[in-house]
Amino acid sequence: MAEPVHFDLGPDELPAAWFNLVPDMVGAGMQPLPPLHPGTREPIGPADLAPLFPESLIMQEVSAERWIDIPGPVLDVYRLWRPTPLYRARRLEQALQTPARIYFKYEGTSPTGSHKPNTAIPQVYYNKEAGIRRISTETGAGQWGSALAFACQMFGLESLVYMVKASYQQKPYRRVMMETFGATVHASPSDTTQVGKRVLGDTPDSTGSLGIAISEAVEVAATNADTNYCLGSVLGHVLLHQTVIGLETQKQMEMAGESPDYIIGCVGGGSNYAGFSYPFMADKLTGKLDATFVATEPAACPTLTRGEFAYDFGDTGEMTPIVPMYTLGHTFVPAPVHAGGLRYHGDAPSLSMLVKHGHMEARAYTQNQVFDAGVQFARAQGIVPAPEPNHAIRAVIDEAIRAREAGESKVILFNLCGHGHFDMQAYDDFLARRLPEIEFEEAALADGLTSLPGIPVPG
């Protein structure tokens, strides 16, 4: 009988609640640090977030409850594609001649091709319930913008998306997808906001950054009563919604009869890796699981491996709360690598704290390293990954080779958070040897860190 390689859950096994790691982090001695007001530099309360977010999301952001119920209308939309499949990558194992057993959770089956709808759907639902007419947001590679536009269409809201200019030019079909769902899309920096005009005045040929795009979207929300802002990563409620990934994966690994030795994902702001890994991390923090957690990132934007753990703004225009995180400085503009979803100057505070306390390790890779891994994976498994999860695949292949050299049968689990069907220009550049390596620029780091607010992080 053939060994199973496909592990599916039934529709009735869709998680009915999101998982909050905060209680387990507190139990392990990691007390969350408060966000600070961008003007007063004092800790902010729920009322300070009201101009941008509905009360329901603010309460999730500050919640200390381990489980938060998923509303019925959100579950109804989730059922369009969830639960998502778990696969064993047997053909990749054979290609690498490794005794390691490789499993991947595949989020590319969502309507927009990535994990992003997992949080776009509930965020838009809660805004609809609060009477909001329009949502503004930013997007890097376009996956978040596509998900937000899709979610707004599901619940009848308007969507306004500021897309980082480098990705706007590299990935035109992502823009077309957003517009197909009814969104208005601007290349950022744009001339539609004061922040955008200021950036263009200083740097007319700016390729943009997520920090700039966030500032533009926040400005629109803060100056229009009928518009709220939605963020695709970093904040606690965003990571919370993504835990449907990890909760499903736990059940599927039980079906496979396996316990992971390595849990690997890519990190830009942290949403896909946190959502995938946090249910497993709870087991690690409580002594039920002995596994190595690996967060991967681009060498051109190495927040976790080269950044500083400090309080910093989430955006370039200094309009968002100041949060404790690994950061390269909020004015840092990374090189225009194809992994646009990982071009963010900071990381989620909770994920940053897990790295700081040694519960996760971080690794950075260059463009050609990760596209080489993505091509190997595609040729073995038949799925073309997005540039972002290619970073995770690079770490998976490295660990599988180490297992081969050591003769050890390790279980390697990773999150394939989206497909690369809109990224064929990047693959064409790699295959034609036109893809620049793009190393990290120390000068860019120094310039970025000089803009930190200089507020010490306790401990």
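The values are calculated or read from the model by the stated rules, or taken from the named source; none is laboratory data. Just so you know, these numbers come straight off a predicted model, no measurement behind them. Cβ placement follows ideal geometry from the backbone for every residue including glycine, while neighbour counts extend to all protein chains displayed.
Quick rundown of the values:
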item	result
Count of residues meeting criterion [of a type in the set (D, E, K, R), in contact with a helix residue (DSSP H, G or I) (Cβ under 6 Å, 6 or more places away or on another chain) and assigned to a helix (DSSP H, G or I)] in segment 110-153	1
Tabulated pairs, segment 159-178, first within 17 Å of SER190 (Cα to Cα) and at pLDDT 95 or above, second surrounded by fewer than 23 Cβ atoms within 10 Å (Cβ to Cβ) and among the charged types (D, E, K, R), C-beta under 8 angstrom, 6+ apart or interchain	SER159/ARG134; LEU160/ARG134
Residue, nearest to the chain's Cα centre (by Cα), within segment 410-421, restricted to residues that are farther than 15 Å from ARG394 by Cβ and buried (at least 24 other Cβ atoms within 10 Å of the Cβ)	GLY418
One residue from GLN376, GLN381 being closer than 15 Å to TYR103 by Cα and either modelled with pLDDT of 95 or more or among the polar types (S, T, N, Q) (or both)	GLN381
Which listed residue, of GLY257, GLY307, GLY275, is in contact with a strand residue (DSSP E or B) (Cβ under 6 Å, 6 or more places away or on another chain) and either surrounded by 24 or more Cβ atoms within 10 Å (Cβ to Cβ) or not aliphatic (A, V, I, L, M) (or both)	GLY307
Whichever residue in segment 332-362 is surrounded by fewer than 22 Cβ atoms within 10 Å (Cβ to Cβ) and either within 26 Å of THR203 (Cα to Cα) or without any contact (Cβ under 8 Å) to a residue 40 or more places away in the chain (or both) and, among such residues, is farthest from the chain's Cα centre (by Cα)	GLY358
Positions within segment 249-276 being touching a residue at least 60 places away in the same chain (Cβ under 8 Å) and assigned to a helix (DSSP H, G or I), in sequence order	THR249, LYS251, GLN252, MET253, MET255, ALA256, SER271, ASN272, TYR273, ALA274, GLY275, PHE276
Residues (touching a residue at least 24 places away in the same chain (Cβ under 8 Å) and farther than 27 Å from HIS6 by Cα) located in segment 401-426	GLN425, ALA426
Evaluation of GLY287 against (1) modelled with pLDDT of 95 or more; (2) touching a strand residue (DSSP E or B) at 6+ places or on another chain (Cβ under 8 Å); (3) on the phi > 0 side of the Ramachandran plot (one fails), failing number	(2)
Total residues in segment 194-246, condition crowded, with 24+ Cβ neighbours inside 10 Å and in a loop (DSSP other than H, G, I, E, B)	8
Matching residues, segment 146-156, being without any contact (Cβ under 8 Å) to a residue 60 or more places away in the chain and in contact with a strand residue (DSSP E or B) (Cβ under 6 Å, 6 or more places away or on another chain)	ALA149, CYS152
Qualifying residue in segment 151-160 (condition: small (Gly, Ala, Ser), surrounded by 24 or more Cβ atoms within 10 Å (Cβ to Cβ) and closer than 25 Å to ALA335 by Cβ)	no
Residue check, GLU42 at pLDDT 95 or above and charged (D, E, K, R)	no
Breaking point among (1) touching a Gly at 6+ places or on another chain (Cβ under 7 Å); (2) surrounded by fewer than 17 Cβ atoms within 10 Å (Cβ to Cβ); (3) in a helix (DSSP H, G or I); (4) not basic (Lys, Arg), for ALA392	(2)
Sole residue being within 19 Å of the chain's Cα centre (by Cα) and closer than 18 Å to ASP429 by Cα, chosen from GLN376, GLN367	GLN367
Qualifying residue in segment 172-188 (condition: among the polar types (S, T, N, Q), in contact with a strand residue (DSSP E or B) (Cβ under 8 Å, 6 or more places away or on another chain) and buried (at least 24 other Cβ atoms within 10 Å of the Cβ))	yes
Index of the failed condition, VAL218 passing every other in (1) farther than 23 Å from ASP69 by Cα; (2) at pLDDT 95 or above; (3) touching an Asp or Glu at 6+ places or on another chain (Cβ under 8 Å)	(2)
Extreme residue, surrounded by the fewest Cβ atoms within 10 Å (Cβ to Cβ), among residues of segment 7-28 that are of a type outside the set (Asp, Glu) and more than 27 Å from LYS284 (Cβ to Cβ)	GLY10
Count of segment 104-143 residues which are more than 30 Å from SER259 (Cα to Cα), touching a strand residue (DSSP E or B) at 6+ places or on another chain (Cβ under 7 Å) and buried (at least 24 other Cβ atoms within 10 Å of the Cβ)	10
Test: residue in segment 89-106 that is over 17 Å from the mean Cα position of the chain (by Cα) and more than 23 Å from ILE412 (Cβ to Cβ)	no
